[in-house]
Structures are given as C-alpha cells and as structure tokens.
1. Please go through region 12-33 and pick out each residue that is out of contact with any Pro (no Cβ under 9 Å at 6 or more places or on another chain), part of a loop (DSSP other than H, G, I, E, B) and at negative phi.
2. Go through region 9-32 residue by residue and tally those that are at pLDDT 95 or above, open to solvent by 50 Å² or more (accessible area, probe 1.4 Å) and in contact with a strand residue (DSSP E or B) (Cβ under 8 Å, 6 or more places away or on another chain).
3. Six or more apart or on different chains, Cβ under 8 Å: which pairs go from a residue in region 86-115 that's closer than 20 Å to I51 by Cβ and assigned to a strand (DSSP E or B) to one that's among the aromatic types (F, W, Y) and open to solvent by 70 Å² or more (accessible area, probe 1.4 Å)? Could you list them?
4. Suppose we keep only residues that are in contact (Cβ under 8 Å) with a residue 60 or more places away in the chain, open to solvent by 10 Å² or more (accessible area, probe 1.4 Å) and in a loop (DSSP other than H, G, I, E, B) within region 46-85. Which one would you say is farthest from L18 (Cα to Cα)?
Amino acid sequence: QVRLVESGGGLVQPGGSLRLSCAASTNIFRIGTMTWYRQAPGKERELVAQITTGGTTNYSDSVKGRFTISRDNAKNAGYLQMNSLKPEDTAVYYCNAPILGVGRWGQGTQVTVSS
C-alpha cells in the first residue's frame, strides 16, 4: 500500500528550528500537491503550507516568514523548514498529498516548542 512517511518532529526551545520530512513509500507513483497541516490539542486541524508539483507555495498567515515548504520531485518527498518557532506552533503535524488520485495522509509527527 502506498503511503506517506513523516519524520523530523521533536522538542525544541522557543526561537529554535526543526525540519519535517514527508516521503512516499515508493517512487513508482508520483505525489501531487503537498500540504502540511497541524492540529493542536482541542483545536481543529489547520492548513500550514502547500506546494504544487511546479513549486508554487502558499502559507497560512501564522507561519508566513518563518516556515518554508519545499519538495524534491526526484525523491518523491517534501519538507517543512520551521524557524523562529513559538510555543503556539506546538501541534501534531501531518502531510497530505494525492497519489494515484487519492489523498494520502502521513502518520503525523509531534512538534513541541517549550523552554
């Protein structure tokens, strides 16, 4: 079964950085537009950033200027570079992308920003 695999979460102090990765479990089927979401305890899942196969990006206002989304089509993977992290960035982060026309979710990775 084709799936997305995430990595890179963890505990970081305010002002620190983390880089999340999301890769397809196979390179046979290409991923489409990749979107990163996050969900904090007691809150709804929200869109963080999005990147098309051609590299067009979109960010939520809350992360604009601090987060950078990118992708490597050759590796069938995407990334979320998170800088200047704040405690309010604490959440489980999920990647989502269509593969063979079906939206797939990563397993989620916890990001905790705390001193």
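1. Q13, G16, S17, S25, T26, N27, I28, F29, R30
2. 5
3. If the second residue must be among the aromatic types (F, W, Y) and open to solvent by 70 Å² or more (accessible area, probe 1.4 Å), the pairs left are Y94/W105; C95/W105; N96/W105; I99/F29.
4. Among them, the one singled out is S84.
The values are calculated or read from the model by the stated rules, or taken from the named source; none is laboratory data. Keep in mind that this is a model prediction, so the values were computed, not measured. Here the Cβ is made from the backbone with ideal geometry for all residues, glycine too, and neighbour counts use every protein chain on show. Each accessible area value is taken on the protein alone, full model and side chains, heavy atoms only, with ligands, DNA and RNA left out. Shrake-Rupley method; radii C 1.70, N 1.55, O 1.52, S 1.80 Å.
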